[in-house]
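Structure first, commentary second.
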Amino acid sequence: MLPETPADWLRYGQAQESRATAESVANAVQSYRRAIELLAAQPGGQVRRELGVAWMNFGNARQKESDALASEEAVRAYDDAIALLDDESVPNDSALRNSIGAAWMNRGHALQRRGLREGTAAALESYDRAIALLETLPLNENQFFPITLAAALLNRAQALLALSMPEASSAHDAASKALKLVIETANQDPTAADIALKTYHALCAALSHRLSSSPGAALISETSDTIDDALALVRHWEMQGVQAIRPFEIVFYRFGARFYLAHQPQFIAEFLLETLTHVSAAGVVTDNGELHSIATSTLAQARSDVYNRSLLNPNDARLARMRQELDEANQQIAALFPLRETTGSKSTA
């Protein structure tokens, strides 16, 4: 039985969109179109808010489609939503300001999808409008308010990093602010966890850019803490049986391996083993082949580097201790993955 009222069409569209297939998203788009048609036929002052929400839903669903007009139609939908909601005739409450802020944020995302320099610049303007509005909300009043603001700050950080000359320092600031808004609830709320992990990813990218130009002790320490905290959050959700976050684990593990190898080689063995020991623990069901590959290739490079340095400094006790730790780590990895061939299993010493 087909929906009849605008509210029915909206609910039907949301149900279709949540199925997340190409066909269901297309059905959602058509459902939102029908809701908009019905609402637009009613006296404007009475349904202004509902019509604005319908346009937002349409824009969100349209962004999930990949045809050439998707982004342009989504931007126009958000423009219509903002014009309808940001009006004196609509009662201005916190929930409404959150919706308008979300519309500005999603508008920015649609602009950024175009992939053009002008689109990214325009997206940053939309993100700034969203952030300015969302920062006026009583963040303790509703659990979704800090999440929406964090998402806007995250999008801003990602846009800054996508520039032809990334603005790493500003992206770093935006990501840091976003993380503070969701970190306390990231262990309990899956939505907050998703925002936090994406923010950690943006923060790692920003820190990587900054380290390449000025690898000071403070940045090295912050990067180390960021990697460890990100992986700790991944492990928490992995222990809850959530496997969808696995790509984050691989990204953070690979980034961490490169970071420790370049900036803190004395801790590389400890870092590599911590995650591999976790994924091998009882109750963690995962295909860890890629993690194993990252670990063994990184360990082989670390052992080769230390061995070559030892040739020039044969009496250096610190290097000798590192060689021993790396050899022991290699043996532990082989024990954790007995059915896999361990790269460099024979000591180079």
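Going by accessible surface with a 1.4 Å probe and the largest first, ARG19, ARG114 read ARG19, ARG114.
Between beta-carbons, use under 13 Å as the cut-off and find the net charge around ALA205, counting Lys and Arg +1, Asp and Glu -1.
Working: positive: LYS198, ARG210, ARG254, ARG258; negative: GLU167.
Local charge sum for ALA205: +3.
Taking the Kirkwood radius as Rh and the Cα radius of gyration as Rg, segment 1-44 has a ratio of Rg/Rh equal to 1.02.
Let me make sure I get this right: for segment 169-325, a, b and c are the square roots of the gyration tensor eigenvalues over alpha carbons, sorted descending. Under 1.5 in a/c it's rounded, otherwise prolate if a/b > b/c, else oblate. Which is it? Oblate, since a/c reaches 1.5 and b/c is not below a/b.
What is the ratio of the Cα radius of gyration of segment 35-128 to 2.2 N^0.38 Å, where N is its residue count, to two decimals? Please report the intermediate quantities before stating the final value.
Numbers: Rg = 13.4 Å, N = 94, 2.2 N^0.38 = 12.4 Å.
Ratio of Rg to 2.2 N^0.38 Å for segment 35-128: 1.09.
An ellipsoid equivalent to the chain, defined through the eigenvalues of its Cα gyration tensor, has semi-axes of 48, 22, 17 Å when rounded to whole angstrom and sorted largest first.
With a 1.4 Å probe and every protein chain kept in, tell me what percent of the accessible surface of the chain is carbon plus sulfur.
On the way: 8970 of 17530 Å².
The C+S portion of the solvent-accessible surface of the chain is 51 percent.
Note that the chain presents 50 Å² accessible area per residue, ligands and nucleic acids not counted, probe 1.4 Å.
The values are calculated or read from the model by the stated rules, or taken from the named source; none is laboratory data. Quick caveat, the model's predicted, so the values are computed rather than measured. Glycine also receives a Cβ, built like all others from the backbone with ideal geometry; neighbour counts cover every protein chain displayed. Just so you know, the surface numbers come from the protein's heavy atoms only, side chains and all, with ligands and any DNA or RNA stripped out. Shrake-Rupley method; radii C 1.70, N 1.55, O 1.52, S 1.80 Å.
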